[in-house]
Amino acid sequence: MNRLPLLLGIVAALAFAALPLVTTSNYVIGVGISALVFTVAAAALNLIYGFTGLLSFAQLGFWGIGGYATALTVVTFGGTFWQGLVWAALLNAVVALAIGYPTLRTGRHAFVIVTLTFALLVTLVARDWVDLTRGPLGIPDLPRPSAFGHRFASTAHYYWVAWGFSVLMLAFLYALCSSRIGRTLVAIKQNEPLVRAQGISPMPYKLAAFAISAAVTGAAGGVYTFHLGIIDPLFLDFYYMQTFLIIVIIGGAGSFWGVVAAGVALSALPEVLRFSADLRMIIYGVILVAAMFVMPSGIAGWLRERRLQRMREALR
Amino acid sequence: MSALLEVTDLRKSYAGVHALDGVSLSVEAGSITGLIGPNGSGKSTAIDCISGFQKRDGGRIVLAGRDISGLPAHHIARAGLMRTFQTVRIYERLSLRDNLAIAAQQFDPATWLDEFLRTRRYRDAVAAAEGRARELVELIGLQRYWEIETGILSYGQKKLVALAAALMPRPRIVVLDEPVAGVNPSRIREIEAALAALNRAGETFLIVEHNVEFITNLCHRVIVLDQGRKLAEGTAQEIHTDPRVLEAYLGMTPEMAEAEMRGAA
């Protein structure tokens, strides 16, 4: 097994931990929080889409449910932020099982459509169930969490929360993806009839992948909500889904480290381009299009192609 | 004596067309049984129904004394029936090693918890599967591709990988769907030799194939299907001279067939 990516990942995680020590800019630290949380949500999408081959737009709904569940736990139900994250994860896992159980029996296209519809439905609920979500006004002034008597009040301190959360979730997803379960998910994506012919029932694997992906995305939504300090229906803007999907596609669907690297890089890229405010998003778009031309299956896919090419030559 | 696989009165129709019209067949333990017939005779439908990949309309399928009719495909595989597919199915983006490891995964007692804790049960299961995989890779002669993604192999080599994967969990019976279709002739001899060696070691095969020479060389018994019914059954020699078979399958009279065979000799 190639241990190099794991070592690099650990080094990068430690380097990220030091960000608040090298800068006092709340802006830069805020970008760091986004990068960490978006990477986790993208890695969760990678589990269901990249590994299992099921394109899920429900991630946006899970992200929103997670954000609202965490905020409401604190504001309406008097719980703590940490309890809120647990509820966000559990609630999403249950919702994912309820959607997945009937939908995963149908084809992959039906799955895409049902998950998209679900995401839109969550947006409607967030806007129109005013008694619960306070509608378009949202829930402002979310208090920063505390633990062991310490309050993570400043952005720099909250950064540690986001960092700890991200490292924990990415470690969990890494362990999952590199296990026999991860290998079986890849097998299901590549050749489902063969998986069945080998005595493996694909359904429990798909359901588990979908539920875990939902739980992680929900908790990530909770962490991001408390970074923003407010939640309203804009939290369900398609921008988030698009960001997660771009990270997965550029990183290389099905590659754990490719997606993590792309998560960090693409979260920082729009900010790096701020030197030219007018052209920023245009340059960003051009870079994405160019990347897709050069590497149609992402960074990881590009590396893999080169490796295969070397192998073919070696075997000739 | 009772056979390892006993199929009785298997029926299947698509939109009124009888693909299988009451087919009965049996496979003895330790034998190689061939299933042949012209295109559309129901061979593929038969093995799809037997392996659970298609729902049968009627009939009973018993494997080693256990009724497996109507079970889903993965339960039939767990009962000890492994199959390959006509259009080769392997995990093209996984290494040869992983292809074989997955094939045996469902058959060892290690759970995800065993894996997480790296228990002895997990380590033993992995070691046993690895040993079996190396043995089979040697048999099919693909040792140098052990760590390599199987997508870069040739079509014939992929068929061998699919065969090795089917053998991984030491199933009771292996059903091969056209194992040599589209494979170049020199490799056909290799596959034939490998199957004969495996059979001598006790493995049971049911083989669907168009290549009559391959079936003749290998099979102890041959069953001929035509239009969803069993037309004939017997040794390869008996089948070769059965006028009904020649008529239906080859469109020849016995005299023509004899002339053909003399010409080939």
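Just round it to a whole percent: the fraction of Cα-Cα distances in segment A:153-293 exceeding 21 Å. Display every interim value, and only then the final one.
Numbers: 5532 of 9870 pairs.
Above the 21 Å cut-off, segment A:153-293 has 56 percent of its Cα pairs.
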* Structure fact -> Most exposed first, judged by fewest Cβ atoms within 10 angstrom, A:159, B:14, A:284 run B:14, A:284, A:159
* To do: Compute the distance in nm between two label points, each set 7 Å from the Cα along the Cα-to-Cβ direction, one at residue A:288 and one at residue A:18.
  => 3.3 nm
* Asked: lysines near residue B:43 by alpha-carbon distance under 28 Å, same-chain residues fewer than 8 away left out - which ones?
  -> B:12, B:55, B:158, B:159, B:230
* Asked: Out of B:76, B:102, B:223, any idea which swings most in a Gaussian network model of chain B, alpha carbons joined below 10 Å?
  -> B:102
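So if I take the alpha carbon set of segment A:203-262, get Rg, then get Rh from the Kirkwood formula, what is the Rg over Rh ratio?
Values: Rg = 13.4 Å, Rh = 13.1 Å.
Reported Rg/Rh, Kirkwood definition of Rh: 1.02.
Find the relative contact order for chain A and round it to a whole percent, using C-alpha pairs within less than 8 Å whose residues are 6+ positions apart.
On the way: 437 pairs, mean separation 101.4, N = 316.
Value for chain A: 32 percent.
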* In Å, descending, principal axis extents of the Cα set of segment A:52-126 -> 42, 22, 17
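Which net charge results when you count Lys and Arg as +1 and Asp and Glu as -1 among the other residues whose beta-carbon is under 12 Å from that of residue A:280? Let's see the in-between values first.
Details: positive: A:274; negative: A:271, A:278.
Value of the local net charge: -1.
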* May I ask you to give the average projected area over all directions of the convex hull of the Cα atoms of the protein assembly as shown, in nm² rounded to one decimal? => 32.6 nm²
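Among the DSSP beta bridges whose two residues both lie in chain B, what percent are antiparallel, rounded to the nearest 5? Please report the intermediate quantities before stating the final value.
Values: 21 of 36 bridges.
Beta bridges within chain B, antiparallel portion: roughly 60 percent.
So how do A:255-265, B:127-137 stack up, highest first, on mean other-Cβ count within 10 Å? Could the numbers behind the result be given before it?
Working: A:255-265: 24.3, B:127-137: 16.3.
Going from most to least packed, we get A:255-265, B:127-137.
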* Calculate for chain A the 222 nm mean residue ellipticity that helices alone would give, adding -39,500 (n - 2.57) per DSSP H run of length 4 or more and normalising by residue count, nearest 500 deg cm²/dmol. => -24500 deg cm²/dmol
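Give me the inter-chain shielding for B:160-167: mean count of other chain Cβ atoms within 10 Å, whole number please. List each step's numbers first, then the result.
On the way: counts 0, 0, 2, 0, 0, 3, 3, 0.
Partner Cβ neighbours, averaged per residue: 1.
Please rank B:210, A:150, fewest neighbouring Cβ atoms within 10 Å first, as an exposure proxy. Before the final figure, lay out the partial values.
Working: B:210 14, A:150 10.
Result, fewest neighbours first: A:150, B:210.
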* Cα-projected label distance for residue A:273 with residue B:124, points at 7 Å along beta-carbon direction, nm -> 5.8 nm
* Structure fact -> Length gained if residue A:242 through residue A:11 is fully extended, taking 0.36 nm per residue and subtracting the Cα-Cα distance, is 80.3 nm
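Taking Rh as the Kirkwood radius, which is the inverse of the mean 1/r over Cα pairs, what is the Rg/Rh value for segment A:4-93?
On the way: Rg = 16.0 Å, Rh = 15.3 Å.
Using only Cα positions, Rg/Rh for segment A:4-93 is 1.05.
When ranked by the protection proxy of mean other Cβ atoms within 10 Å per residue, highest first, what sequence do the peptides A:212-218, B:45-51, A:119-125, A:74-80 form? Before the final figure, lay out the partial values.
Working: A:212-218: 28.9, B:45-51: 24.7, A:119-125: 16.4, A:74-80: 13.9.
Final packing ranking: A:212-218, B:45-51, A:119-125, A:74-80.
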* Structure fact -> In nanometres, the difference between 0.36 nm per residue of separation and the alpha-carbon distance of residue A:113 and residue A:160 is 13.2 nm
* How large is the convex hull of the Cα atoms of segment B:91-170 per residue, expressed in Å³ as a whole number? -> 84 Å³
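Over all distinct alpha-carbon pairs, what is the Kirkwood Rh of chain B in angstrom? Display every interim value, and only then the final one.
Numbers: mean 1/r = 0.0512 Å⁻¹.
Mean inverse Cα-Cα distance, inverted, gives 19.5 Å.
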* Given the Cα-Cα distance of residue B:13 and residue B:227 and 0.36 nm per residue of separation, how much length would full extension add, in nm? -> 75.9 nm
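Report, as an integer, the average count of C-beta atoms from other chains found within 10 Å of each Cβ along A:197-207.
Details: counts 18, 16, 17, 8, 7, 1, 2, 0, 0, 0, 0.
What the average comes to for A:197-207 is 6.
Rounded to the nearest 0.05, what FRET efficiency is calculated for residue A:203 and residue A:27 with R0 set to 60 Å and r the Cβ-Cβ distance?
Working: r = 46 Å, r/R0 = 0.77.
Between residue A:203 and residue A:27 the formula returns 0.80.
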* **Within chain B, helix-based [θ] at 222 nm, where runs of 4 or more DSSP H residues each add -39,500 (n - 2.57), nearest 500** => -11500 deg cm²/dmol
* Estimated distance in nm for a label pair at residue B:67 and residue A:4, the labels positioned 7 Å out from Cα along Cα-to-Cβ -> 5.9 nm
* Structure fact -> If one builds a Gaussian network model of chain B from Cα atoms under 10 Å apart, the most fluctuating residue listed among B:228, B:70, B:151 is B:151
* **Antiparallel DSSP beta bridges within the protein assembly as shown, as percent of all bridges there, nearest 5** => 60 percent
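The numbers here are math on the coordinates, done by the rules we state, and not lab data. This is a predicted model, so every value here is computed, not measured. Virtual Cβ from ideal backbone geometry, glycine too; neighbours counted across all protein chains shown.
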